[in-house]
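What follows is a set of notes on a single structure, which appears directly below.
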Amino acid sequence: MSATIVVSGAAVLVPGADSARALAAGPESGAAAVDPAAIVGKKGLRYKDRATQLGYALAARALADAGLVGEEGTTVPASSIGVVASSNYGNLDTVTRALDTIREETVNGTSPMDLPNASSNVIASSVAIRFGLRGPNLMVCNGPTSGLDAVHWAITMIQAGRVDRVLVLGVEPDNEVVRKLTGGRPSVDGGAAIVVERAEAVQERSGTVKAVLGGYVRTAAVRDVLDRLAASGQPARWEVPGGAAAALDAELLPGVPRVGLPESAGEPSGALGVLQCAAAVGWFEDGGAGAVYALAGGESADASAGLVLLAPGAA
Amino acid sequence: MISRPIVGMGAVASIGTDVDEVFDSLCAGRTGHHELRGFDSTRFRAKYAYEVDDRPAPGQDVPARATRLLTEAIAQAVADAGIGEDLSGIPVLIGTGLRELRSAELWWREGTPFTDAGLHFGTALRERFGADVTHTFSNACSASLYALALGSDLLEQGETDTVIVAGVDVLTESMFGLLERVHPVAPDRVRPFDRNRTGVLMGDGAGAVVLRREDGGRKAHGRLRGVAVNCDAYHVTAPHPEGIAEAMRTAYGLAGIKPADVDLVMTHGTGTLLNDEAEATALAEVFGADAGRPLLTAVKSMTGHTSGASGLLNLIVGLRAMNEGRVPPTVGLEDPVDEAAKFRWVTGEAATDQSMRVAQLNAFGFGGINAVAIVEADK
């Protein structure tokens with residue numbers, strides 16, 4: 001029999017929303033960029049790319065929200081916390097900058113400090129090093145569904161007994177390279193983090209359940225995703241991909257309110273699924289009840305993924 | 001204890017276009033070492049790599065090479081497993097260090113067409129195989145063994161009866177350049193565990209396997225007995241013997257074996273100063289008095305560092321080695337570092353007529369992400 005898996009901590013950092021509840025209510029438009037140094041201090045940020053800096057700030061907030069860090073570091077064994085990070089654009093800035101330098105000045109012009117940042121898993125591994133998290137460490141770069149996929153792999157590793165809890169991060173930086181790739185659209189330049197944990201482990205350490213995780217599906221058609229999620233309960237709220245809401249068939253899930261990031265929030269890409277989970281947590285904190293369906297991808301993507309989140313009482 | 005049959009295998013590297021050719025090349029000591037084939041070599045101090053020779057013309061690079069190698073390896077593996085090319089509904093887990101970042105580089109500098117849908121492999125695998133349960137993990141040099149661990153978990157949890165695990169990487173200019181930048185003298189070839197090694201050079205490669213819950217009466221290449229994954233949480237590029245040793249012990253525990261049961265170790269063996277010492281130190285600590293028992297080899301001496309693909313290439317070569325009783329040599333290993341001196345290295349010629357049942361596969365990545373797998377011959 002599989003264990004109940006829950007969300008025990010959440011953090012959000014996007015322009016105009018710095019908490020799960022603020023995200024659920026909708027980020028304010030025209031807000032200032034997220035400043036990681038204001039949250040974790042300047043120490044250790046030099047040489048780290050924007051995505052990793054955002055990851056540090058999100059990790060600090062989410063681990064604190066879950067009650068997993070105290071004065072002396074983590075409050076549970078280091079090997080009991082894993083990390084799964086999701087990002088598609090994460091290190092494109094380092095890759096293209098190093099490439100430009102090689103072409104224009106030869107390899108002698110490059111900085112050795114860029115080497116770790118050239119590896120796409122730098123966000124996940126850097127967060128593990130900064131916070132001393134020695135469980136499995138995974139970087140998911142899986143396109144638009146990446147964030148929900150990351151939550152799925154956290155659940156899978158916990159169910160397999162590899163680890164008791166996983167910090168799941170979804171983050172996307174905004175920069176010139178990303179905008180060129182997206183046809184001029186800025187990215188969300190922030191993200192979200194949640195702590196995914198075995199319900200029993202939360203209870204043992206007197207933590208707080210923020211949401212209960214239900215089924216996950218990744219398949220070609222949106223309709224099939226929704227059909228297969230139905231085993232986890234009928235939805236009261238549907239988190240849809242930002243901007244794509246209009247593209248989804250109006251006949252799908254009739255009567256269920258569709259919510260998503262406003263177009264002005266920028267392209268969420270690999271951060272989307274984790275932002276959706278955090279928004280569901282925020283909605284539950286504000287008294288929302290019933291199942292939340294999160295959907296990423298869509299008919300224009302290589303596939304769609306869906307995840308069900310239930311209110312804390314469902315544990 | 002898990003024991004899942006591996007019923008299909010596929011591989012492509014600088015030294016061969018399928019599993020047979022790759023294995024035969026390795027046993028013959030043939031390396032893919034060659035002057036840079038796709039980059040302007042005047043930009044680099046290092047002049048050599050281990051690339052697949054598939055460019056339209058020397059020095060002229062083309063996008064989507066990683067995708068091409070990956071789809072080729074998967075096509076071979078599914079044909080070998082006899083499951084056909086419709087992969088809809090079958091999880092396909094891809095471990096990679098660099099995704100399609102080479103295509104992104106060509107887009108950035110040369111203006112070749114590219115969109116963000118091409119950064120991960122799901123888009124191409126949907127087109128080619130109808131695959132829709134695809135997952136691209138960018139987990140540095142342990143990526144494909146991390147993917148193997150997750151694929152194994154899916155089988156154990158009853159999510160699927162079949163899972164395809166693959167690994168792929170090709171050279172990117174940024175990684176090739178930054179890797180040589182950190183060496184005081186540019187590396188000239190990969191000589192794992194040798195006292196006079198000069199560092200690591202990259203290689204192109206892809207590997208794929210089909211894992212099943214049951215063999216269904218089909219002859220398997222071998223069985224997956226366990227995969228351990230962890231993180232040192234120590235340093236972004238330097239490995240840590242303690243975390244590596246811990247991953248090995250966890251893998252033995254998952255497989256229900258003792259170090260003395262291991263007949264063959266397919267090392268990570270990158271030829272860097274730091275990896276080889278850390279890996280040898282961890283192996284010496286874990287094997288203790290049994291250090292002289294298993295055979296050891298490092299095929300990166302012939303394939304170069306195939307990054308995310310390397311763990312799975314080690315698995316494929318390790319299974320083949322056990323089934324044929326032949327172990328490829330570590331080319332260029334003449335004078336082992338002190339930490340590695342007590343082991344039984346295969347050097348010079350391939351070892352033949354060996355009786356082996358259990359192989360250990362190592363893969364360690366930037367950020368201290370370690371993966372160790374145990375496979376068993378299906379005899």
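The values are calculated or read from the model by the stated rules, or taken from the named source; none is laboratory data. What you see is a predicted model, and the numbers here were worked out from it, not measured in a lab. Positions of Cβ are backbone-derived with ideal geometry, glycine not excepted, and every protein chain shown enters the neighbour counts. Please note that ligands, DNA and RNA were not included when accessible areas were found on the heavy atoms of the full protein model with its side chains. Shrake-Rupley method; radii C 1.70, N 1.55, O 1.52, S 1.80 Å.
Here A:Lys43 fits the description: without any contact (Cβ under 8 Å) to a residue 12 or more places away in the chain, in the same structural domain as A:Pro144 (by TED's automatic domain parsing) and over 30 Å from A:Arg237 (Cβ atoms). Just one residue in the set A:Thr101, A:Thr96 is among the polar types (S, T, N, Q), farther than 14 Å from A:Lys48 by Cα and more than 7 Å from chain B (Cβ to nearest Cβ); that residue is A:Thr101.
Here's the yes/no breakdown for (1) out of contact with any Leu (no Cβ under 7 Å at 6 or more places or on another chain); (2) in contact (Cβ under 8 Å) with a residue 40 or more places away in the chain:
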{"site": "A:Asn142", "(1), (2)": "yes, yes"}
{"site": "A:Val151", "(1), (2)": "no, yes"}
{"site": "A:Val163", "(1), (2)": "yes, yes"}
{"site": "A:Leu169", "(1), (2)": "no, yes"}
{"site": "A:Val178", "(1), (2)": "no, yes"}
{"site": "A:Gly184", "(1), (2)": "yes, no"}
{"site": "A:Asp189", "(1), (2)": "yes, yes"}
{"site": "A:Ala192", "(1), (2)": "no, yes"}
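For the condition surrounded by 24 or more Cβ atoms within 10 Å (Cβ to Cβ) and away from chain A (no Cβ under 14 Å), B:Ala340 qualifies. Whenever a residue of region B:350-361 is farther than 10 Å from B:Leu264 by Cα, it has no partner that is modelled with pLDDT under 95 and surrounded by fewer than 21 Cβ atoms within 10 Å (Cβ to Cβ) lying with C-beta atoms less than 8 angstrom away and at least six residues away or across chains.
Of the residues in region A:61-76, none is hydrophobic (A, V, I, L, M, F, W, C) and within 12 Å of another protein chain (Cβ to nearest Cβ).
The number of residues in region A:257-279 being away from every other protein chain (no Cβ under 14 Å) and in contact with an Asp or Glu (Cβ under 7 Å, 6 or more places away or on another chain) comes to 4.
For region B:119-165, the set of residues classified as at the interface with chain A (Cβ under 7 Å from one of its Cβ atoms), of a type in the set (Gly, Ala, Ser) and touching an Asp or Glu at 6+ places or on another chain (Cβ under 7 Å) consists of B:Gly122 only. Selection of region B:181-190 for residues being under 20 Å from the mean Cα position of the chain (by Cα) and either within 7 Å of another protein chain (Cβ to nearest Cβ) or aliphatic (A, V, I, L, M) (or both) yields only B:Val190. Summed over region A:148-167, the residues that are within 8 Å of chain B (Cβ to nearest Cβ) and open to solvent by 10 Å² or more (accessible area, probe 1.4 Å) give a count of 3. When restricted to residues that are under 18 Å from the mean Cα position of the chain (by Cα) and not in a strand (DSSP E or B), region B:283-300 contains 3.
For the structure I just gave you, tell me whether B:Val163 is modelled with pLDDT of 95 or more, touching a His at 6+ places or on another chain (Cβ under 8 Å) and not in a helix (DSSP H, G or I). In short, no.
Within the set A:Gly170, A:Gly184, the sole residue that is at positive phi and either away from chain B (no Cβ under 11 Å) or open to solvent by less than 10 Å² (accessible area, probe 1.4 Å) (or both) turns out to be A:Gly184. Within the set B:Ala280, B:Ala233, B:Ala251, B:Ala247, the sole residue that is more than 20 Å from B:Gly308 (Cβ to Cβ), modelled with pLDDT of 95 or more, among the small types (Gly, Ala, Ser) and not assigned by TED's automatic domain parsing to the domain that holds B:Thr162 turns out to be B:Ala280.
For region A:69-122, a residue qualifies if it is part of a loop (DSSP other than H, G, I, E, B) and either more than 27 Å from the chain's Cα centre (by Cα) or closer than 28 Å to B:Arg181 by Cα (or both), and the qualifying residues are A:Ser87, A:Asn88, A:Tyr89, A:Gly90, A:Asn91, A:Thr106, A:Thr110, A:Ser111, A:Ser119, A:Ser120, A:Asn121. For region B:55-73, a residue qualifies if it is buried (at least 16 other Cβ atoms within 10 Å of the Cβ) and free of Cβ contacts under 8 Å to residues at least 40 places away in the same chain, and exactly one does: B:Arg68.
Assessment of region B:131-151 against the conditions (small (Gly, Ala, Ser) and assigned to a strand (DSSP E or B)) yields at least one matching residue. Which of the following residues is in contact with a strand residue (DSSP E or B) (Cβ under 9 Å, 6 or more places away or on another chain), surrounded by 24 or more Cβ atoms within 10 Å (Cβ to Cβ) and more than 16 Å from B:Gly205 (Cβ to Cβ): B:Ala291, B:Ala255, B:Ala309? Residue meeting the stated conditions: B:Ala255. Return the residue satisfying two criteria in turn: it lies in region A:100-113 and is surrounded by fewer than 23 Cβ atoms within 10 Å (Cβ to Cβ) and among the aliphatic types (A, V, I, L, M), and of such residues it is modelled with the lowest pLDDT. For region A:100-113, the residue satisfying everything is A:Met113. Consider A:Ser125 carefully, then state whether it is surrounded by 24 or more Cβ atoms within 10 Å (Cβ to Cβ) and part of a loop (DSSP other than H, G, I, E, B). Here the answer is no, as A:Ser125 does not meet what is asked.
Just to be sure I understand, how many residues within region B:361-375 are of a type outside the set (Gly, Ala, Ser) and at pLDDT below 95? So the count comes out to 1.
Within region A:128-147, the set of residues being open to solvent by 10 Å² or more (accessible area, probe 1.4 Å), at the interface with chain B (Cβ under 7 Å from one of its Cβ atoms) and part of a helix (DSSP H, G or I) comprises just one member, A:Ile129. Among the residues of region A:23-55, the one identified as part of a helix (DSSP H, G or I), out of contact with any helix residue (DSSP H, G or I) (no Cβ under 7 Å at 6 or more places or on another chain) and open to solvent by less than 40 Å² (accessible area, probe 1.4 Å) is A:Ala37.
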